[in-house]
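Below: one structure, written as C-alpha cells.
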Amino acid sequence: MSESIIWYLREFLRTEWIRKFLLAKTDPLVTPPYFKDYPTLTGKECTACYQCMMICPAPGAIAVLRHDDGWRPEIYPGHCIRCGLCVEACPEDVLQSGRVLEAQHRDRTGFRATFHLSIDREICMRCGNCCISCPVGREGEPDGAVLKIEKGGVQILNSDLCTGCKTCEVNCPNRGIRVARVVEGVQEAAA
Amino acid sequence: MKKTVDVSIPIGPMHPCWKEPIRLKCETIGERVLRTEVELGYMKKGIERIMRGRPWQEVMFLAERICGICSVIHNMVFIEAMEGISGIAVPPRAAYLRVVVNELDRMESHILANFSYCYTIEHETLAMYLLNVREIVLDQLERITGSRINTAYMIPGGVRFDITEEDAAALLAGLARVEEDVERYTRMFATSYLIALRSRGVGTMTREKAIEAHAVGPTGRASNVPECDLRLQHPTYQKLGFTPVCRTEGDNFARNMVRFDEVMQSISLIRQCIGQLPEGPIRGGGACTAGEITYQGEAPRGELTYYIKSDEYGRIIDITVRTPSIMNIEACTHHMINDVTSVADVTSTFISSDPCVACTER
C-alpha cells in the first residue's frame with residue numbers, strides 16, 4: 001500500500017505536472033506542413049491526360065473539366081478521401097497536397113499504368129453512353145475515338161488511346177463496359 | 001419449470017463502456033454472473049462485397065476502412081498477399097519502413113485498448129494520460145505518412161514515401177517522449193492497489209483454454225501462448241530478431257500488461273529499424289496478376305487472414321477476411337466471463353480482451 005501511495009504522490013508532485021496545472025495552455029491549432037489535405041491546384045497547365053481520374057480510388061471525387069481558359073481538375077471534397085494518389089499520378093504537377101509533391105520529386109517515384117477495355121456483350125444494351133461520354137478524340141478527328149457504335153454494338157476501335165479515366169464505366173447503366181487498370185508503383189534510380 | 005437463473009441482464013448494444021455496438025446477455029444469480037452469450041450483427045458493412053471487381057489501388061483503401069484502429073495492418077496484409085500472388089519483391093528499405101509504420105500503428109492501438117480498459121474500471125486519470133500519449137504516436141504516423149489513421153502507406157512493391165533524416169530524428173525524439181510516459185504509466189498500472197483489486201485474478205483463462213478457444217494476439221500471449229504471434233514468421237521481423245512478449249497469469253491485469261510491454265517492444269523495434277535502415281529504392285515496381293493466396297499477418301489484436309483470388313489484370317474476384325477479434329470475443333465469453341463475481345467485472349473483462357467489432361463484422 002505504501003508503495004502505491006508514494007507512486008501517486010510522486011505522480012502528482014512532478015514539476016511538469018504542477019507547471020501544467022498552473023499554466024495550462026492549449027496547443028495552437030495549426031495544420032502541420034506534412035498533413036495530406038485535399039489536393040489544391042499549383043497553377044501549372046493541365047493537359048487533360050486524365051491520369052488523376054484513372055488512379056482515383058473514390059467514386060466521383062475528381063473530374064477534369066474544361067473551362068474558358070483551359071482544362072482543370074476539380075476535387076469534390078465530399079467524395080475525396082485525401083489519399084494523394086492523384087498528386088502522385090499527375091505528370092504535369094498540376095495538383096499538390098501536403099508534402100506529397102515534394103516527396104515525389106525527392107524520391108523520383110511515380111506510377112506506370114496499362115489499360116484493358118472489355119465489353120460484356122450479354123449485358124451491353126448498345127445505348128452508346130460510353131461512346132458519347134469518352135473524352136478521348138473529341139476534337140475534330142473522328143478516327144481518334146476509342147469506342148464507336150458499329151454493326152449493332154459497341155466496338156473498341158483504338159484501345160491504345162484509352163487513358164483509363166473510367167468515364168465510360170461510370171456512365172454505363174449496366175456496368176457492361178469495364179476498364180482494367182494495371183498500375184505499378186515505380187521509382188527511377190537515383191542520378 | 002425449474003428456475004436456474006435470477007435475471008438475464010443485457011449489456012449493450014449501446015453502453016458507455018463499449019467503443020462499438022455489441023450485446024452481451026449475462027445470466028446472473030444475485031450479483032454473480034454464471035454465463036454470457038454474445039450477440040453480433042449491429043454494424044455489418046459488407047465491405048468484402050464492395051471490394052470485388054476492383055483493382056488493388058481501390059481495394060487497399062477499402063481494406064484500411066475495415067477497422068479504424070488497426071488500419072495499417074489491413075493495408076499491409078492485403079498488399080503482401082497481392083505481392084505473394086504476383087511474385088513481387090520488396091526492396092529492403094521499403095520492408096523496414098513498413099515495419100516502422102506497422103509498429104507505430106500497433107502502439108496507438110494498444111494504448112487505445114489500455115485507455116479503454118482504464119476507462120471501464122473508472123480509472124479516468126490513467127485513461128486520460130494514455131490518450132494524451134496516443135496523440136504523440138499519431139503525430140509520428142502523420143509525419144511519415146501524411147495521415148493519422150487511414151495512412152495508405154504501402155503499395156505493391158514498396159511504400160509510398162521515403163523517410164528523411166529530419167523525419168527520422170523527429171520520430172526518435174517523439175518515441176523518447178512516449179517511452180518516458182508509457183514507462184511511468186506502466187508502473188502506475190502495475191503498482192496501483194485499486195487497479196489490482198479490479199484486475200488481478202479476474203477473468204482468468206488458462207493456457208489450455210486459450211489454445212482450445214484459439215485465443216490470439218495479446219489475449220493469447222497473456223495466457224502463455226507465445227507461439228500465436230505471427231510476427232515470428234514474418235521475414236523482416238525475423239531479421240530484427242523478434243521475440244514475443246508473454247505472461248503466465250491470463251487475467252485482466254496480464255492482458256493489459258502484455259499490451260504495455262508490447263508498446264515498449266514496438267519502440268525498440270522502430271529504433272532498431274531506423275538504426276539499420278538500408279539505403280536504396282523504396283519502390284520496385286511489378287504488376288499484379290492472377291492467382292489465389294491465403295496470407296496471415298499479426299494485427300494488434302492477433303492473427304489477421306486474407307484469402308484473395310484475383311484475375312489476370314490484378315482485379316479482385318473473391319476476397320474473404322478473417323479478423324482476430326472473433327476468436328478473442330468467443331474465448332472471452334466462454335472462458336473468461338465464466339462465474340465472475342459481479343456484473344461490473346463482465347464489462348471490464350470483455351474490454352480487456354480488446355474486442356474490435358468493426359473488424360469482426362466488416
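Might you check whether a residue that is away from chain B (no Cβ under 14 Å), of a type outside the set (Asp, Glu) and within 15 Å of residue A:52 (Cα to Cα) occurs anywhere in region A:118-135? Working first, answer last.
Pass one, region A:118-135, residues away from chain B (no Cβ under 14 Å): A:119, A:121-122, A:124-135.
Retained after the next criterion (residues that are of a type outside the set (Asp, Glu)): A:119, A:121, A:124-135.
Then drop every residue that is not within 15 Å of residue A:52 (Cα to Cα), which leaves A:135.
Yes: one or more hits.
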In region B:330-344, the residues that are part of a helix (DSSP H, G or I) and either touching a strand residue (DSSP E or B) at 6+ places or on another chain (Cβ under 6 Å) or surrounded by fewer than 22 Cβ atoms within 10 Å (Cβ to Cβ) (or both): B:330, B:333, B:334, B:335, B:343, B:344
From A:60, A:43, A:78, A:70, residue being away from every other protein chain (no Cβ under 12 Å), under 29 Å from residue A:188 (Cα atoms) and surrounded by fewer than 12 Cβ atoms within 10 Å (Cβ to Cβ): A:43
Answer residue from region B:294-327, given it is within 14 Å of chain A (Cβ to nearest Cβ) and part of a strand (DSSP E or B) and is surrounded by the fewest Cβ atoms within 10 Å (Cβ to Cβ) among those: B:317
Failed item in (1) under 25 Å from residue A:169 (Cβ atoms); (2) touching a helix residue (DSSP H, G or I) at 6+ places or on another chain (Cβ under 9 Å); (3) away from chain A (no Cβ under 11 Å), with residue B:54 passing the rest: (3)
First in region B:215-244 and closer than 25 Å to residue B:205 by Cα, second anywhere and crowded, with 17+ Cβ neighbours inside 10 Å and aromatic (Phe, Trp, Tyr), Cβ under 6 Å, 6 or more apart: B:231/B:237; B:231/B:242
Residues (under 20 Å from the mean Cα position of the chain (by Cα), more than 21 Å from residue B:183 (Cβ to Cβ) and polar (S, T, N, Q)) located in region B:65-124: B:71, B:75, B:102, B:120
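The rows are residues; the columns are (1) among the hydrophobic types (A, V, I, L, M, F, W, C); (2) modelled with pLDDT of 85 or more; (3) touching a Cys at 6+ places or on another chain (Cβ under 8 Å).
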site	(1), (2), (3)
A:61	yes, yes, yes
A:72	no, yes, yes
A:76	no, yes, no
A:80	yes, yes, no
A:83	yes, yes, no
A:86	yes, yes, yes
A:95	yes, yes, yes
A:98	no, no, no
A:101	yes, yes, no
Residue satisfying all of: in region A:103-117; more than 22 Å from residue A:181 (Cα to Cα) and exposed (fewer than 14 other Cβ atoms within 10 Å of the Cβ); nearest to the other protein chains (Cβ to nearest Cβ) among these: A:106
Residue within region A:19-27 that is among the aromatic types (Phe, Trp, Tyr), surrounded by 11 or more Cβ atoms within 10 Å (Cβ to Cβ) and either outside any loop (DSSP other than H, G, I, E, B) or within 13 Å of chain B (Cβ to nearest Cβ) (or both) present: no
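Where in region A:124-191 are there strands (runs of 3 or more DSSP E), lying wholly inside it, with at least 2 residues that are over 22 Å from residue B:315 (Cα atoms) and modelled with pLDDT under 80?
Counting at least 2 such residues, we get A:147-150, A:153-156.
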Count of region A:91-131 residues which are small (Gly, Ala, Ser) and within 23 Å of residue B:91 (Cβ to Cβ): 3
Qualifying residue in region B:186-202 (condition: in a helix (DSSP H, G or I), within 14 Å of chain A (Cβ to nearest Cβ), at pLDDT 90 or above and within 20 Å of the chain's Cα centre (by Cα)): yes
Flag if residue B:180 is assigned to a helix (DSSP H, G or I), within 14 Å of another protein chain (Cβ to nearest Cβ) and either polar (S, T, N, Q) or more than 16 Å from the chain's Cα centre (by Cα) (or both): yes
Among the residues listed as A:146, A:179, A:154, the single one being among the hydrophobic types (A, V, I, L, M, F, W, C) and within 13 Å of another protein chain (Cβ to nearest Cβ): A:179
Failed criterion for residue A:11 (all others in (1) within 9 Å of another protein chain (Cβ to nearest Cβ); (2) under 14 Å from residue A:94 (Cβ atoms); (3) among the acidic types (Asp, Glu) hold): (2)
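This table checks each residue for (1) β-branched (Val, Ile, Thr); (2) surrounded by fewer than 19 Cβ atoms within 10 Å (Cβ to Cβ); (3) in contact with an Asp or Glu (Cβ under 9 Å, 6 or more places away or on another chain).
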residue	(1), (2), (3)
B:211	yes, yes, no
B:228	no, no, yes
B:237	no, no, yes
B:241	no, yes, no
Positions within region B:130-184 being touching a strand residue (DSSP E or B) at 6+ places or on another chain (Cβ under 7 Å) and either surrounded by fewer than 18 Cβ atoms within 10 Å (Cβ to Cβ) or hydrophobic (A, V, I, L, M, F, W, C) (or both), in sequence order: B:155
Given (1) within 12 Å of chain B (Cβ to nearest Cβ); (2) not in a helix (DSSP H, G or I), number of the condition residue A:54 does not satisfy: (2)
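The values are calculated or read from the model by the stated rules, or taken from the named source; none is laboratory data. Given the structure is predicted, the values throughout are model-derived calculations rather than measurements. Cβ coordinates were reconstructed from backbone atoms using ideal geometry, including for glycine residues, and neighbour counts include every protein chain displayed.
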